[in-house]
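Heads up, the thing below is written out as structure tokens.
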Amino acid sequence: MILPLVPGTVLCYDTSIRQWRLYQGTIVFFCGGITMEGIQAGLHEECGVFGIYDKAGGCAQTAYYGLYALQHRGQEACGIAVINDREQSFHKDVGLVSEVFSKDILDRLNGTIAVGHVRYATTGAGERENAQPLTIKYVKGTLAVVHNGNLVDVDGLRREFEYRGAIFHTTSDSELIAYAIAQDRLRCGSVEEAVVRATAGLRGAFSLLVMSPQKLIACRDPWGFRPLCMGRKGEAVLFASESCAIQAVGGRVERELDPGEVVVVQDGEARSIRDNCRGESHLCVFEYIYFARPDSVIAGQSVHRARVNAGRLLARQAPVEADLVVGVPDSGLDAARGFSLESGIPNGMGFVKNRYVGRTFITPDQVSREQAVRIKLSALASEVAGKRVVLVDDSIVRGTTCRQIINLLREAGAREVHMRVSAPPFIAPCYFGTDIPDRKKLIACHHSAEEIRDMAGADSLAFLSLENLQRLAPDARCGFCQGCFTGTYPIENVEGKLEDTP
């Protein structure tokens, strides 16, 4: 059989599901000599990072629970690296945190410094070699790096480093960061100086943790695309993508790193380096809409309250006469509550979710895609039958999933279905670590809201307006990147760089 591959795609065999996976949004598998193709619908998380410095030891176990709390940010692979008496060891693999780590593995990883990562692939395929932490040995010792975000112009950077003699072992842009730090370390007096110098020359999103034999270093890109916070648990110093992970391990959140800031922890003491701080802030606004856990607080804004606020704004913007408001589990539930509170329409449970189906369910063809939704969600006929229902979800990407969910409500007896979306239409791809595909796959780039309504089978449809998007997080002490909704980005000249990145 001959299978043509589109430039920029990667085909790999996933042994856990016994299927071939073609990254770039398409899943390919072979069944009885027949080739089938399909496209995954919906958004995926980016990645999550966790780090701890604790002279008392036991850091791997703490990192394990921290990653467990960040599992929503990445479900393809995970890993932990530790330092014990200046010796580095690690374990990583594809799969969920609970699948990759056992008690015996964690016991072998005992150390005084640890960094961990949960991954969803945005640059680089979701294979084991791309799992993080990325660990390297070089003339100055060892480094372990975990990274959330995407660099811009990855191909150009890779060519530049390869010209200097670099040999890469992964397809992840995170390896470029590790190489840049290691290269600058040869010319610097300390690893933190190397981190400052290396990251000053990078363009894109990178909240990262770097572990050397004696130090734990946290760094956030100068634009502040991705969140990164710092906390303490007794004498231990903690870093995590979200506050919920620090709280999950019994820690206390101190603050968030400023964009461009580097924090160095050595001998339990933390100090800040602000050489790369620009005073700018462009947090990805989708952290509030979808990515972050509802119990997290980012830039002073409760994620839960931001989502409830989105629902309230939608109810004011696009009111409708209805009998029941239901949210699509899980990210639409808070916005549905807000819509209900503002409109006075009762908020009910419209769906039962199968908790044993992953968020990245593989759907090889149209029949399987529809069946996947039915396996994952069931409409409660006892709640929706005969009623006019307001259906609230966080986004519409390709439009296939919302059509299937509306069909579930119709089949359960809903008399009317009015869809409300707590985000504006996607009109542009993301270049900074969110798996928003290129314009060819974005339904809002080719169809009006009325056309999308008809294609989805809804009685009415409304997206959150750009004006109301500005009001989404009134307590947030930061600016936002809204490039996927506007086509305008905080970094210039990114168009076309990652248009077809998986």
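Phi-derived couplings, Karplus 6.51 cos²θ - 1.76 cosθ + 1.60 at θ = phi - 60°, listed residue by residue for region 166-182: 5, 10, 9, 10, 10, 9, 8, 5, 4, 5, 4, 5, 4, 5, 4, 5, 4 Hz, with x used for Gly and Pro. What percent do you get for the relative contact order of region 404-502 when only Cα pairs under 8 Å and 6+ apart count? Relative contact order here is 37 percent. Using the Cβ-Cβ distance between THR488 and ILE105 with R0 = 45 Å, the FRET efficiency computed as 1/(1 + (r/R0)^6) comes to roughly 0.50.
Once the C-beta distance of ALA270 and SER190 is scaled by a Förster radius of 25 Å, the resulting FRET efficiency is 0.95 to the nearest 0.05.
Across region 47-281, C-alpha contacts under 8 Å between residues 6 or more apart give a mean separation that, scaled by the residue count, equals a relative contact order of 21 percent. Based on the alpha-carbon gyration tensor of region 47-281 and its eigenvalue square roots a ≥ b ≥ c, which shape applies: rounded if a/c is under 1.5, prolate if not and a/b is larger than b/c, or oblate? Verdict is rounded for region 47-281. Close amide H partners of GLY204, meaning residues 5 or more places away or on another chain with modelled amide H under 5 Å apart, are VAL152. When TYR179, TYR356 are arranged by Cβ crowding within 10 Å, least crowded first, meaning fewest neighbours, the order is TYR356, TYR179. Sorting ARG128, ARG271, ARG398, ARG307 from the fewest to the most surrounding beta carbons within 10 angstrom yields ARG271, ARG128, ARG398, ARG307. Among THR199, THR142, the order by Cβ neighbours within 10 angstrom, fewest to most, reads THR142, THR199. Local charge for ALA310 was computed over the other residues whose Cβ lies under 15 Å away, with Lys and Arg +1 and Asp and Glu -1, and equals -1. For ASP85 and GLU162, the FRET efficiency from 1/(1 + (r/R0)^6), where r spans their Cβ atoms and R0 equals 45 Å, is about 0.80.
Under the criterion of Cα pairs below 8 Å and six or more residues apart, the relative contact order for region 153-265 equals 19 percent. Return the whole-Å distance between the Cα centroid of region 368-442 and the Cα centroid of region 173-227. Here the two parts' Cα centres lie 39 Å apart.
Where a number appears in this text, it was derived from the coordinates with a stated rule and is not lab data. In this text the structure is predicted, and so the values were computed from the model without any measurement. As a convention, Cβ positions derive from the backbone with ideal geometry for all residues, glycine included, and neighbour counts pool all protein chains shown.
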